[in-house]
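To keep things clear, I will list the structure first and then write my remarks on it.
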Amino acid sequence: MTETAQMPNVQLNLVGLSKNDYRGAPTTLCAGCGHNSISNQIIAAAYELNVVPEEMIKLSGIGCSSKSPAYFLNRSFGFNSLHGRMPSVATGAMFGDHRLRALAVSGDGDTTNIGMGQFKHIMRRNVPMVYIVENNGVYGLTKGQFSATAEKGLRLKYQGLNPFTPVDVVEEAMASGATFVARSFAGDANQVKALIKAALSHNGLAILDIISPCVTFNNEDDSRHSYGWGREHQEPLHDFTFVPREQEIQVGEFPEGTTKTVTMHDGATIVLKKLDRGHDPTSRSAAMRLLEDARNEAVLLTGLIYVEPNQPSLTDVAELSTNRPLNRMTEADLRPDKSMIETANAMMF
Amino acid sequence: MATPQVQEKQQPETGKAVVNDFSMTVATKNGSGSQTSNLTLLRALFKMGIPISGKNLFPSNIQGLPTWYTIRLSKKGYLARRAEHEIVVAMNEDTFVEDLASVAPGGAFYYGDHLKFEINRTDISVYSFPAKKFAKDSSAPATLRDYVANMAYVGVLAHMLEIDMAKIREALEYHFDGKEKPIAINMGVIEAAYEWAKANLTKSDPYRVEPMDETKGFIMADGNTAGALGSIFGGLQFMAWYPITPASSVAEGVSHNIAKFRDKEGQDGKTYGIVQAEDELAAIGMAVGAGWSGLRAMTSTSGPGISLMTEFVGLAAYAEIPVVIWDVQRVGPSTGLPTRTSQGDIISTYFLGHGDTKHIMLLPGSASECFEFGWKSFDIAERMQTPVFVMSDLDLGMNTWMTKPFEYPNTPMDRGKILWEEDLEKLSDWQRYKDVDGDGIPYRTAPGNKHPRSAWFARGTGHNDNAKYSERSEDWEKNMMRLKHKFETAVNYMPKPEVISNGNKVGIISYGSTDAAILEARDYLAEGGLQTDYLRLRAVPFTDEVKDFIEKHDRVYVVEMNRDGQMNMILRLEYPEHTTKLISLAKHDGMPLTANWVKEAVELQEK
């Protein structure tokens, strides 16, 4: 399976791959861009989860964030599609071999401006994939225009003042029936990685809204999408531990009462040690209230906001074979027998 | 441009019967259930062995606006629309006056006696009948009475035209899928009306029917259902669609029928996926995603949807992803005439996308050819790794046609140049966009391929042979020239045109649903002394037969249903040396072409 040279000092994971096998081309994004740190956590998560890169696909739309799939998982099939239209491509692509895991990267403009319609509909359909929104409030490639997530009152050098109410990615996700909703901050690498791992275990659409600062156009300390503001205002909801299916939880490791465990569809477990807010992410009403509180308090609440692990995904609803992907089917599976032409003609008059 | 207004003179001699050679139109309201009555008449006549065609002229409306259904009977087998009708059945007070005026002289006018209008014509036979009575007297539940009321004219016409009641029953059995209750209720109304007509009406017009033996070896089908079934036989694996008139019945034809053909006893899972998308952008996006992942993927739409799909089609062409797109054309631009027919998307679809793009278009000319292109389009799309358009239209797609039976695909599936693990194992250096065979078609892999060298990165951005991002001018030009070469290769996979060539000086080129009108018009032209040859295009890009045909003729009339002569423009682009030979005859009134229009238009030029 692997082509990695067996070098003495290279550490290999359980599928015999080194971390290098999960990397991509060198990034062409700005030094310090939050997106690069997220790419690194995708690489780390896939490596640590022992994912076979050929068993994963990566997708994106258009923009700085959407360029990033070129910078991780070189050995995975990728599709850098159209601006705001990644969700539709991913929806169709998941029918090819639905056993593959999919990870998609989008930006705030790609998702909440041009792509709002497809964003909402991919959640409705619960397409089984990880959907990361690398959210920085601005357009980077076109040089710093406001996106729909930019906060009201934000002032940027060339654009002036943003007079409009922002779109909240997580609130939109909740409103659309998303089954895994999390928010994170690119400055908190460990949390990003843990959430990506948990999202990859979800059988359905997992939305990760990751505040990912644009160091070039929107990183003043008073901006809601800056490193400075994030560091000052981030409040993790839980101590978050992701335990893969293979790994057993030790009795007594997580005391009852202060922790909540969520069993994912694939048998993995999320262990959440409740912090100040005591948030229960399996409660939809609690999640909605939490978002309202976060807005009123101007705090960046991060972590798992909502999860509903047992909803059927799109490929479940489509009743695809459990182990035989559509794209391996041949003429014998796909073309009706010759005798069936009589049936077709008899259906006419 | 020749646009003659012609009226066919077909006034019969007094006392002489006119058998199996007339048109009749039923004027009703949309949503009143008249379609069942009309199809019953159409099917009964077909079962009597009489060549017929049915055209539904319907409004963009659910209920209440006027709608007309015209059945043409032609003992010579002409299936095109005629502008005239000898028999009119008026069931709609809103159009009564114009319906009465529209009856050809010597014809017959039937109307429900609940419609109180002055009859101001003496040159036709007029019959009124108690249209509502039979349903009221029947066993039909009150809620269904309005719907079965239209069966009254079926019964009256059955008596007056001598339509075989056993064939009417057969038609109802088919329509109601053998369900005895609705068959009995409808048949009851028809029989009551038949008996009433027998007792109360005295026939004074010459039109009637007689059994023939001219429909053996044919079926009745609409192009959309035919295309849907063809796709199912083509191994369709994924379809995404968005509702739009007149294309919805392509997708519904797939979703309603695919289980019957493809689900097998004890099978683990489906062999296909179907998604109704949120709009046409998503529909094509899903189909492109599925095509990329190695599936036989399609979508169906009409002009407005094609406009929305433009960006994705450009991406699929450039990233080289197979996908099939049905365009059931209607009248544009804009919302246009959404329930009228057209061939107006030819130019825009051929060049769909920004930058240098040209696309393969298949041009079905009959319902059975819709079936054929249903499966063939997948072979071509996967062979060429590019979007393939099937250019149907409302008339072909939604009307019920007498057509040849569907034929089982005569070639095995062509999955094109796709590599799986064992193939890659044998290759030392596979590159996604490298032209290995000199035909411009590269080799591809699909997600799920576990070979460590299988993955590639699909992108709409500039790329090199290895699918890596590239802004280098040489890479860009090389790739675009290869795509051009690939399009030239596509000619080898195109269905060849249908050619009738007898060494005449004048040729006609046409395509799609105009076929019936051209075939009929050629007979009329010949009667007037002008012999013509005929080439029916079945695909763009053109095969050599098209050039040969143009070369062999002094003048070639390109007949089509749009304003600007769009196919003529493409022919002129491809064969600039023959520009002066190519004469555009284009009509764009939203109605299916008539043979008389074609005849007059050619004659006007030939004078």
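Computed from the coordinates by the stated procedures, all read-outs in this text should not be read as laboratory data. Source: prediction; values computed, not measured. Don't worry about glycine lacking a Cβ; one is built from the backbone with ideal geometry, like all the others, and counts go over all protein chains shown.
Were the residues from B:E118 through B:D429 laid out at 0.36 nm apart, the gain over their Cα-Cα distance would be 103.5 nm.
Here is what passes the span test in chain B: the DSSP H helices with alpha carbon length of 27 Å or more along the helix axis and a Kyte-Doolittle mean of -1.0 or above are B:180-200. Springs between Cα atoms under 10 Å define the GNM used for chain A, and in it the highest mean-square fluctuation of A:N327, A:N40, A:N203 occurs at A:N327.
Under 5 Å from the amide H of B:Y207 lie the amide H atoms of B:V18, each residue being 5 or more positions distant or on a separate chain, with H modelled from the backbone and absent for Pro and chain starts. Here is the link list: A:K58/B:K484; B:K358/B:K478; A:K157/A:K197; A:K143/B:K434. Which ones come out longer than 28 Å on Cα distance? Correct reply: A:K58/B:K484; A:K157/A:K197; A:K143/B:K434. With each label modelled as a point 7 angstrom along the Cα→C-beta vector, the A:A31-B:A259 pair spans 6.2 nm. Computed over chain A, relative contact order equals 15 percent, with contacts defined as Cα pairs under 8 Å that lie 6+ residues apart.
Near the amide H of A:A148, within less than 5 Å, lie the amide hydrogens of A:N113, all on another chain or at least 5 residues away, with H placed in the peptide plane. As a proxy for reagent exposure, A:S65, B:S74 were ordered by neighbouring Cβ count within 10 angstrom, fewest first; the result is B:S74, A:S65. Neighbours of B:Q267 by Cβ distance under 15 Å: Lys/Arg scored +1, Asp/Glu scored -1, total +1. Taking a span of 15 Å or more along the helix axis (Cα atoms) and a mean Kyte-Doolittle hydropathy of at least -1.0 as the rule, the DSSP H helices of chain A that qualify are A:34-48, A:189-200, A:284-297.
For segment B:461-530, GluC sites (Glu not before Pro) meeting the loop criterion (DSSP other than H, G, I, E, B) and having at most 12 other Cβ atoms within 10 Å: B:E471.
The trypsin sites (Lys or Arg not before Pro) of segment A:269-341 that meet both conditions, a loop assignment by DSSP and at most 13 other Cβ atoms within 10 Å of the site Cβ, are A:K338. For chain B, the 222 nm mean residue ellipticity estimated from helices alone, with every DSSP H stretch of n ≥ 4 adding -39500 (n - 2.57) and the total spread over all residues, rounds to -11500 deg cm²/dmol. A crude spin-label estimate for the pair B:I62 and A:E331, with each label 7 Å from Cα along the Cβ direction, gives 4.6 nm.
Can you give the net charge of the other residues whose Cβ lies under 9 Å from the Cβ of B:G155, counting K and R as +1 and D and E as -1? In short, -2.
Other residues with beta-carbon under 9 Å from the beta-carbon of B:V19 carry, at +1 per Lys or Arg and -1 per Asp or Glu, a net charge of 0.
Site pair B:A142 and B:N502 shows an inter-label distance of 6.5 nm when each label is modelled 7 Å from Cα along Cα→Cβ. What pairs from B:K216/B:K547; B:K404/B:K587; B:K116/B:K599 go past 30 Å between their alpha carbons? The pairs that break the limit, which is 30 Å between Cα atoms, are B:K216/B:K547; B:K116/B:K599.
Along its first, second and third principal axes, ordered by size, the protein assembly as shown spans 103, 67, 60 Å in Cα coordinates. Averaged over the residues of peptide A:328-339, the number of Cβ atoms from other protein chains lying within 10 Å of each residue's Cβ is 6.
Loop-only GluC sites (Glu not before Pro) in segment B:194-289, please: DSSP not H, G, I, E or B, and at most 12 other Cβ atoms within 10 Å. Within segment B:194-289, the qualifying GluC sites (Glu not before Pro) (loop, at most 12 other Cβ atoms within 10 Å) are B:E265. Rounded to the nearest 500, the helix-only mean residue ellipticity at 222 nm of chain A stands at -7000 deg cm²/dmol, with each DSSP H run of n ≥ 4 adding -39,500 (n - 2.57). Taking the number of Cβ atoms within 10 Å of each Cβ as an exposure proxy, the fewest-first ranking of B:L295, B:L593, B:L79 is B:L79, B:L593, B:L295.
Estimated from the Cβ-Cβ distance and a Förster radius of 60 angstrom, the FRET efficiency linking A:Q247 and B:D548 is about 0.25. Largest GNM mean-square fluctuation across A:M174, A:M86, A:M288, computed for chain A with C-alpha springs under 10 Å, falls on A:M288. Taking amide H atoms as placed 1.01 Å from N in the peptide plane, the amide H of B:I509 lies under 5 Å from those of B:L535, B:Y557, B:V558, B:V559, each 5 or more residues away in sequence or on another chain.
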